[in-house]
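What follows is a short report on a single structure.
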Amino acid sequence: MNLFALNVTLAVVWAALWADFSLFQLFVGFLVGFGGLWLAQPLFNKPSSYFLRAYRVIRLIIYFLYELILSSFRVAWDVVTPTHLSTPAIIRMPLDAKSDLEILLVTNLISLTPGTLSLDVTPDRSCLIVHAMFADDPDALVAELKGGMERMVLEVFE
């Protein structure tokens, strides 16, 4: 049994012990199970990447929420002020992501961030076409998207 399935099972057992199958109890059970599995790590025959992947997923979520809040304020400020600070552009971002899931996650996270919208992926899947509301320097924007969102998504799937 892989560790994620075991962790989910421990969360269900935790909720059953408390006789409360609420989302909160399942979440607490998942955290308690994660901690127990982390402590029991030396007992497993082979090292697992489960804990490193969980760390990377949490880091991706926190990074995305940070970017979401920051870009929301930037877009709101541009809407509220009388002068327009935006310099919209359509840019091509070369993709290092190769699998369908990686490309899907990168494009959706970019589209969910206010001020950017994934328009298309080239047929050879080597570039992503992005509309950016604040593209003062397109090369810097591509470097920011590749060094932030795409890099973190790729680290999750290593």
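Between Tyr66 and Asp120, what length comes free when the chain is fully extended (0.36 nm per residue of separation minus the Cα-Cα distance, one decimal in nm)?
Net length gain for the segment: 17.0 nm.
With a probe of 1.4 Å, find how much accessible area the chain has per residue, and write the answer as a whole number in Å². On a per-residue basis, 64 Å². Net length available on complete extension from Asp136 to Arg74 is 21.0 nm, with 0.36 nm assigned per residue and the Cα-Cα distance removed. Each residue, Phe27 and Asn45, gets one label point 7 Å from its Cα in the Cβ direction; the gap between the two is 3.7 nm.
For segment 27-116, the share of alpha carbon pairs falling in successive 10 Å distance bins from zero is 12, 29, 26, 19, 10, 3, 0 percent.
How big is the dipole moment of segment 6-158 about its Cα centre under a simple scheme where the beta carbon of each Lys and Arg is +1, that of each Asp and Glu is -1, and everything else is neutral? Debye, nearest 20, please. Before the final figure, lay out the partial values.
Details: 10 positive and 15 negative charges, 101 e Å.
Rounded to the nearest 20 debye, it is 480 debye.
Here the label points at Tyr55 and Thr83, each 7 Å from Cα along the C-beta direction, are separated by 4.6 nm in the simple model.
Restricting the calculation to Cα atoms, every distinct pair contributes to the Kirkwood radius of the chain, found to be 18.2 Å.
With the charge dipole of the chain set up from +1 on Lys and Arg Cβ and -1 on Asp and Glu Cβ about the Cα centre, the Cα lying farthest toward the positive end among the listed residues Val156, Ile103, Asn2 is that of Asn2.
The values are calculated or read from the model by the stated rules, or taken from the named source; none is laboratory data. Worth saying up front: this structure is predicted, and the values here are computed from it rather than measured. Heads up, the Cβs are rebuilt from the backbone with ideal geometry, glycines too, and the neighbour counts pull from every protein chain shown. SASA here: full protein model, heavy atoms, side chains in, ligands and nucleic acids out. Shrake-Rupley method; radii C 1.70, N 1.55, O 1.52, S 1.80 Å.
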